[in-house]
Protein chains: 4
Amino acid sequence: MERKTEQPRRRPRADYLRNRERLLTAAAEVFRTHGGQATLEGVAKAAGVGIGTLYRHFPTREALFEAVYRREINEMVALAERLEGEADPVAALRQWVHANIRLIATKQGMLTALALAVDKSSEIYTYSYTSLTGAIARLLARAKEAGRMREDVTPEDLLLTLIGMCLVRTGPGFEDDVTRLADLFLDGLTKGQGDSGGM
Amino acid sequence: MERKTEQPRRRPRADYLRNRERLLTAAAEVFRTHGGQATLEGVAKAAGVGIGTLYRHFPTREALFEAVYRREINEMVALAERLEGEADPVAALRQWVHANIRLIATKQGMLTALALAVDKSSEIYTYSYTSLTGAIARLLARAKEAGRMREDVTPEDLLLTLIGMCLVRTGPGFEDDVTRLADLFLDGLTKGQGDSGGM
Amino acid sequence: MERKTEQPRRRPRADYLRNRERLLTAAAEVFRTHGGQATLEGVAKAAGVGIGTLYRHFPTREALFEAVYRREINEMVALAERLEGEADPVAALRQWVHANIRLIATKQGMLTALALAVDKSSEIYTYSYTSLTGAIARLLARAKEAGRMREDVTPEDLLLTLIGMCLVRTGPGFEDDVTRLADLFLDGLTKGQGDSGGM
Amino acid sequence: MERKTEQPRRRPRADYLRNRERLLTAAAEVFRTHGGQATLEGVAKAAGVGIGTLYRHFPTREALFEAVYRREINEMVALAERLEGEADPVAALRQWVHANIRLIATKQGMLTALALAVDKSSEIYTYSYTSLTGAIARLLARAKEAGRMREDVTPEDLLLTLIGMCLVRTGPGFEDDVTRLADLFLDGLTKGQGDSGGM
DNA sequence: CATGAATGAGCCTTCATTCAT
DNA sequence: GATGAATGAAGGCTCATTCAT
């Protein structure tokens, strides 16, 4: 008498969806301000729902974390994809970095909290790492083909450095500070044309 | 209610000092392995003393944290001072970075835990930031004077990038990974002589 | 606000009845395996209906409990009625005891769970106690009339002893163990003819 | 640096012992009145200590349960041992049964709660079962040797029947009711002399 | 009527901190 | 001064019950 698994299950109730949305938004905000050890009670309250509702949607703290995280990551990946068409490969790379910093800046702290709280061996970590690395890899390959980038730089190098730079910066001025830092780093890796680098 | 006057307070009992020492060592180890949310009971047990004793030495969790942190920072500063005599200023800088990575590697996780747990506006944060920045500033100044370093690089840039790079890396291979990353960064900032950089 | 008059309320929808049936069956099974603290959500799921439906049928946890209990009791009473025609009164008694043990054995745990969960002063307790006592009383009376049974034995004695023996036994071998125990008890109360008793 | 395990550890603090005592007493009382699902919070309050203290003494619900249970069992075993000297073996047996009922009566409900709450496969169950069975076995053996007891009766039969009879009875009149029931049972098993049995 | 999401009271458990020994 | 027991606030989680769809 079980419903066939493949059967497109009835669309979820409107309030279910609305609450899920609220919870994710609230969680992002709360994690951003209180860090990864924020209380779930607090998240529920911020979302304006009961604690039981939170648990129904995300049966473990990890589950909520993961859902929030996944959202953020997807934005960053989408960003990279949008830039693959860019003519100048180095410029594309730099743009992606800048755009990313801007993105991260808008949700100051959120990413930091997540990056630190997430278990390095969890599925979500692997997912995000792979997604982002893949996104950068394509931009990077084009820059190397054009002979404009040190050959020994890997996508991981870029990703980790960028994230690292974001992690140590906080507060107002974040975007400018990190952008300058990142440019400093990129300058050292690239050469030619429109690069802002130089001494 | 002030204690008499300026009278140098009686030298503490030997076991008092020994306990303090044990506590700091144990705390560093426990925080390293269990992260910043390790329990104080656990620290006390690791140190082989009662929880009451821990509290006598460090009346609050924060106080213990700060004491441990301060120790680590001091090591890093001492490292920089030792390198001020080095002939080649760029080499000195690179050496400091390498040595620091090595130092951090030996206490893997410790720094991360601390960086996370410490309140950005706390006294200890200011202290450590100032100490380290000062230490680097002197090394950096010499490199600039020798014309071997981009003029627009600040000590903060160096410090924060280094720390950021350490934060995103964990586990085995830490030291090599971060060293490569840091070298990549330094290459981009410097020019001339013994630099490992190039394309 | 009373519903019209004495008008026989419309016969319930077929699915309503089917759901009620399913719920009772599922509940008996779930209580049997999980004990009296099983969750209602679990019962609903086992019955293949929503929790809301369960509540429509049994507006409180107690109500469900009672309905399940009542069913079990009725089976035991029916058993006794079927044996009233039996020629040998002592044999009839013994048969009822054996049959009861068999019945209880088939739903191992169920009775225990119920016995535990039911409030001794509740209506259902009175009901079941009265029903069963009455059932035994008739069998017992005939045995006494035939001079085959100690005069000072009451129906309650029999009932409670039987239940007690069932409560302390669990797991495989239940039926044989309890049957032997019960026979031991009956032997002591009866005399004459086909009695299995003796020394 | 670990303290040698065999070393007679310093006598526990007075308040530690006092609290442990209070907790056990309170727990027995609370379990008796509220059954095995009573809240630990309630037990702590009844004992007049904080919930944390309860947890320090009994880190799990099971642990508390076990400690309470073990106490009760030990009393029953001690009872049996005291009766081994009795001249008439059947009388000794009957006395033990009576005494036990009296004992159980004084803590009405306690045993029931325990018997039902305890996991049949737990260590404490085995312990109590073995202890009690052993105690009865010795009394029973003497009665059989004297030819005053059915040979096919085991200590388990006696124990389980007794417990079963206690489980189904509650409230005032408990002691008299159960005693009558138990005598009825014993009468059937024994013969000769001072036995109260007969028809 | 059926459904299943929402709610929140209430229990469990941990741990920083205090305090008696 | 050292010790470790006591405390209780606070967060985690479950589940009976209500209510929107």
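The values are calculated or read from the model by the stated rules, or taken from the named source; none is laboratory data. Given the structure is predicted, the values throughout are model-derived calculations rather than measurements. FYI the Cβ positions are ideal-geometry reconstructions off the backbone, even for glycines, and counts take in every protein chain you see. Heavy atoms of the whole protein, side chains included, go into the accessibility calculation; ligands, DNA and RNA do not. Shrake-Rupley method; radii C 1.70, N 1.55, O 1.52, S 1.80 Å.
Quick check, is D:THR170 farther than 23 Å from D:HIS34 by Cβ and among the polar types (S, T, N, Q)?
It is false that D:THR170 is farther than 23 Å from D:HIS34 by Cβ and among the polar types (S, T, N, Q).
Looking only at segment D:158-171, count every residue that is assigned to a helix (DSSP H, G or I) and touching a residue at least 12 places away in the same chain (Cβ under 8 Å) and tell me the total. So the count comes out to 8.
Residues are listed down the side, and each one gets a yes or a no for (1) open to solvent by 60 Å² or more (accessible area, probe 1.4 Å); (2) within 16 Å of DNA strand F (Cβ to nearest atom); (3) in contact (Cβ under 8 Å) with a residue 24 or more places away in the chain; (4) within 30 Å of A:GLY35 (Cβ to Cβ):
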{"residue": "B:ARG13", "(1), (2), (3), (4)": "yes, yes, no, no"}
{"residue": "B:ALA28", "(1), (2), (3), (4)": "no, no, yes, yes"}
{"residue": "B:THR39", "(1), (2), (3), (4)": "yes, yes, no, yes"}
{"residue": "B:HIS57", "(1), (2), (3), (4)": "no, yes, yes, yes"}
{"residue": "B:ALA63", "(1), (2), (3), (4)": "no, yes, no, yes"}
{"residue": "B:ASN74", "(1), (2), (3), (4)": "yes, no, yes, yes"}
{"residue": "B:ALA78", "(1), (2), (3), (4)": "no, no, no, no"}
{"residue": "B:LEU93", "(1), (2), (3), (4)": "no, no, yes, no"}
{"residue": "B:ALA99", "(1), (2), (3), (4)": "no, no, no, no"}
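C:VAL168 meets all of the listed conditions (1) more than 17 Å from the chain's Cα centre (by Cα); (2) open to solvent by 10 Å² or more (accessible area, probe 1.4 Å) but one, namely (1). Scan segment A:135-157 residue by residue and report those that are under 14 Å from A:TRP96 (Cβ atoms) and either in contact (Cβ under 8 Å) with a residue 40 or more places away in the chain or among the hydroxyl-bearing types (Ser, Thr, Tyr) (or both). Matches in segment A:135-157: A:ALA135, A:ILE136, A:ARG138, A:LEU139, A:LEU140, A:ARG142, A:ALA143, A:MET149. Looking only at segment B:172-183, residues that are of a type outside the set (A, V, I, L, M, F, W, C) and touching a residue at least 24 places away in the same chain (Cβ under 8 Å) come to 3 in all.
Counting only residues that are open to solvent by 40 Å² or more (accessible area, probe 1.4 Å) and at pLDDT below 90, segment C:131-155 holds 1 of them.
Taken over segment A:41-55, the criterion of being more than 10 Å from DNA strand F (Cβ to nearest atom) and open to solvent by less than 30 Å² (accessible area, probe 1.4 Å) is satisfied by A:ALA47, A:VAL49. If you go through segment A:80-91 and keep only what is closer than 14 Å to A:GLY134 by Cα and open to solvent by 20 Å² or more (accessible area, probe 1.4 Å), you end up with A:GLU81, A:ARG82, A:LEU83, A:GLU84.
In summary, helices (runs of 4 or more DSSP H) completely within segment C:15-130 and bearing 1 or more residues that are modelled with pLDDT under 90, closer than 26 Å to D:LEU167 by Cβ and within 16 Å of DNA strand E (Cβ to nearest atom) occur at C:61-82. Filtered by the rule that a residue be in contact with a strand residue (DSSP E or B) (Cβ under 8 Å, 6 or more places away or on another chain) and modelled with pLDDT under 70, segment B:183-199 gives a lone residue, B:GLY197.
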